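*Asks:* Below is one structure. I have some questions about it.
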């Protein structure tokens, strides 16, 4: 398997966590989202993913390489193709809750602080993109916390790592980048994040541990 991603991309980060959690070996191919006008827009990359986005997971299919885009679709593939150790609970309601929490991040928070959106806001509308992102990240994470309160244990959903943790930890990394005091404003999520940070899979997936990491 080969993962095309960017060290600080939260969507790439999610997939790295899942791969590490499942103990899967993968080749990493860096796609710099800023250099050269954004390498994700280059023709050789858009052939792999017409959306021009990371991550892309390349796997071997019967007829040659198969390339999967969209981080949550990749998580679902990994869970089906490599079910152990699981990233979804066995209980149907809790599985749905894990997916709900994942989508709060995937659909409700991350798109509003996406690099392309922030660049558009600044260049075409004169918006303070960092303030915009900070507000939407915090409101979304407060909603995430409210939903998680009824199901959280050591992790987002009970005492086993799930998709929700794969989504939450990268989003908290972004939250801190935008100046949000996670410990003070999101205590439940801070506790879950601390528990995740003790796990080898989350340590290995951290942006600062990636081959293409740049000094902050």
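The values are calculated or read from the model by the stated rules, or taken from the named source; none is laboratory data. What you see is a predicted model, and the numbers here were worked out from it, not measured in a lab. So basically every Cβ, Gly included, is an ideal-geometry build from the backbone, and we count neighbours across all protein chains shown.
*Asks:* Which residue is nearest to residue 207 (Cα to Cα), if the candidates are limited to the range 137-154 and must be buried (at least 18 other Cβ atoms within 10 Å of the Cβ) and over 16 Å from the mean Cα position of the chain (by Cα)?
*Replies:* Checked the range 137-154; the qualifying residue nearest to residue 207 (Cα to Cα) is 138.
*Asks:* In addition: Among the residues of the range 108-124, is any in contact with a strand residue (DSSP E or B) (Cβ under 8 Å, 6 or more places away or on another chain) and part of a loop (DSSP other than H, G, I, E, B)?
*Replies:* No, every residue in the range 108-124 fails to be in contact with a strand residue (DSSP E or B) (Cβ under 8 Å, 6 or more places away or on another chain) and part of a loop (DSSP other than H, G, I, E, B).
*Asks:* Select from the range 20-38 the residues that are under 24 Å from residue 64 (Cβ atoms) and out of contact with any strand residue (DSSP E or B) (no Cβ under 7 Å at 6 or more places or on another chain) and write down the one among them that is surrounded by the fewest Cβ atoms within 10 Å (Cβ to Cβ).
*Replies:* In this case the residue turns out to be 25.
Residues are listed down the side, and each one gets a yes or a no for (1) within 19 Å of residue 15 (Cα to Cα); (2) free of Cβ contacts under 8 Å to residues at least 60 places away in the same chain:
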residue	(1), (2)
39	no, yes
46	no, yes
59	yes, yes
69	yes, yes
88	yes, no
91	no, yes
103	yes, yes
120	no, yes
126	no, yes
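*Asks:* Can you tell me which of 192, 169 is in contact with a strand residue (DSSP E or B) (Cβ under 7 Å, 6 or more places away or on another chain), not assigned by TED's automatic domain parsing to the domain that holds residue 23 and not in a loop (DSSP other than H, G, I, E, B)?
*Replies:* 192
*Asks:* Given (1) within 23 Å of residue 31 (Cα to Cα); (2) in contact with a helix residue (DSSP H, G or I) (Cβ under 7 Å, 6 or more places away or on another chain); (3) assigned to a loop (DSSP other than H, G, I, E, B), where does residue 214 come up short, assuming only one miss?
*Replies:* Here residue 214 clears every test but (2).
*Asks:* Read through the list (1) touching a helix residue (DSSP H, G or I) at 6+ places or on another chain (Cβ under 9 Å); (2) surrounded by 15 or more Cβ atoms within 10 Å (Cβ to Cβ); (3) at pLDDT 95 or above, then give the number of the only condition that residue 94 fails.
*Replies:* (1)
*Asks:* Select from the range 65-88 the residues that are assigned to a loop (DSSP other than H, G, I, E, B) and surrounded by fewer than 20 Cβ atoms within 10 Å (Cβ to Cβ) and list them in ascending order.
*Replies:* Matches in the range 65-88: 70, 82, 83, 84, 85, 86.
*Asks:* Right, something else. In the range 175-188, which residues are under 15 Å from the mean Cα position of the chain (by Cα) and either buried (at least 22 other Cβ atoms within 10 Å of the Cβ) or outside any helix (DSSP H, G or I) (or both)?
*Replies:* 175
*Asks:* I need a count of the residues in the range 155-181 that are over 14 Å from residue 136 (Cα atoms) and touching a residue at least 12 places away in the same chain (Cβ under 8 Å).
*Replies:* 16
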